[in-house]
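Everything below concerns the one structure shown next.
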Amino acid sequence: MCIALDHLFDYDDFRKFLQDYFEEQKKMRAVFSHRFFAAKAGFSSSSYCLNVIRGRFNLTPKSIEKIAKAMDFEPLQRSYFEALVQYNQADQVEERESAWEQIVQIRKQIEFAHVAHSQREYFSKWYYPVIRELVVNSDWNGDYTVLARYLDPQISTEEAREAVNNLEAWGLIKKENEEYVETFQMLDATQVAPIALRQIRREYMQHAIGAVESKKRSERFAAFTTLAMSESSYEYAVQILEEARKKIITRAANDLTVEKVYEMMLVAFPMSKKVSKGNKQ
């Protein structure tokens, strides 16, 4: 877990990011130092990154590559870091503006658009979100029967046609050059009333049960663990799960080839009331 790395896309200054990263790592691992990182990245000078942070040196394409490898960047993180370096180090206005445009575009890939009240019907059927992904990422060529058969479980041709028409009417997909594209890559439902989400959540839970019982282990993931822990440990678990979710979303946003549409649910909930146990003397 690295807070600075998880929040890389929030940074406008790569030197500040590096500074926060190094400070955090030093607190987390006693062995970590500028010398330690330099050796890991393959820098000949142990003070190279320190000089970069202090603005004495600029990063070169080769040094960016070394840092990206040492920090184990995902492809999208590396692209963002490169654009950030270009933005901070640019001498020409045009180069700086071009780099900023890259930053904005990458941020759009991981930002969530809030589903408006007028779009709440998007969550009225379980297959609407699935169709939204398939209509953009599959080779259905305008054949609604083909599109319907891509879903598992399948839906009818008319249901697929109605779904596409509704998604377009709600402004969640649009046509460009005779092909559909998503108006937003990521959507969330924080502004949708919980009661409007009740049915679709139940349907996804039912599909999850069916998948666990019928799908091969290699095609699905399910883990069930009963834990006795404090509320602070539960809050820690939630934090870890949320960080994992964000990392997976970032990875998915960077996929160049989509092979399947997955539904991912991370659930943790109490199975008992709050208990207390006195210390025995």
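The values are calculated or read from the model by the stated rules, or taken from the named source; none is laboratory data. Model, not experiment: these values are computed from the prediction. For neighbour counting, all protein chains shown are included, and Cβ atoms are generated from backbone atoms with ideal geometry for every residue, glycine included. Surface areas here come from the heavy atoms of the whole protein model, side chains and all, with no ligands, DNA or RNA. Shrake-Rupley method; radii C 1.70, N 1.55, O 1.52, S 1.80 Å.
Listing for the model above:
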{"item": "Hull shadow area, averaged, the range 68-168 [alpha-carbon convex hull, nm²]", "result": "9.9 nm²"}
{"item": "From phi via Karplus (6.51, -1.76, 1.60), per-residue ³J(HN,Hα) for the range 249-259 in Hz, x at Gly/Pro", "result": "4, 4, 5, 5, 5, 9, 5, 7, 10, 8, 10"}
{"item": "Cubic angstrom per residue, convex hull over Cα atoms of the range 1-141", "result": "178 Å³"}
{"item": "Mean projected area in nm² (Cα convex hull; one quarter of hull surface) for the chain", "result": "21.5 nm²"}
{"item": "Relative contact order, percent, the range 119-276 [alpha-carbon distance under 8 Å, six or more residues apart]", "result": "22 percent"}
{"item": "Pairs of lysine residues in the range 65-192 - Cα separation under 30 Å, sequence separation of 8 or more or cross-chain", "result": "7"}
{"item": "Carbon and sulfur %, accessible surface of the chain computed with the full protein complex present, 1.4 Å", "result": "49 percent"}
{"item": "Overall Cα dimensions of the range 204-281, principal axis frame, Å, largest first", "result": "62, 29, 19"}
{"item": "Protection proxy ranking of 155-168, 190-203 - average other beta-carbon atoms within 10 Å, highest first", "result": "155-168, 190-203"}
{"item": "Which of Val181, Val212, Phe14, positive extreme of dipole for the chain (C-beta unit charges)", "result": "Val212"}
{"item": "Descending Cα extents along the principal axes, the range 170-210, whole Å", "result": "39, 27, 14"}
{"item": "Surface per residue (accessible, 1.4 Å probe) for the range 108-259, Å²", "result": "68 Å²"}
{"item": "Projected area averaged over orientations for the range 1-83, convex hull of C-alpha atoms, nm²", "result": "5.0 nm²"}
{"item": "Interatomic Cα distance distribution for the range 126-222, bins of 5 angstrom, percent", "result": "2, 12, 20, 20, 21, 15, 8, 2, 0"}
{"item": "Inter-centroid distance (Cα atoms) of the range 31-107 relative to the range 8-30, Å", "result": "12 Å"}
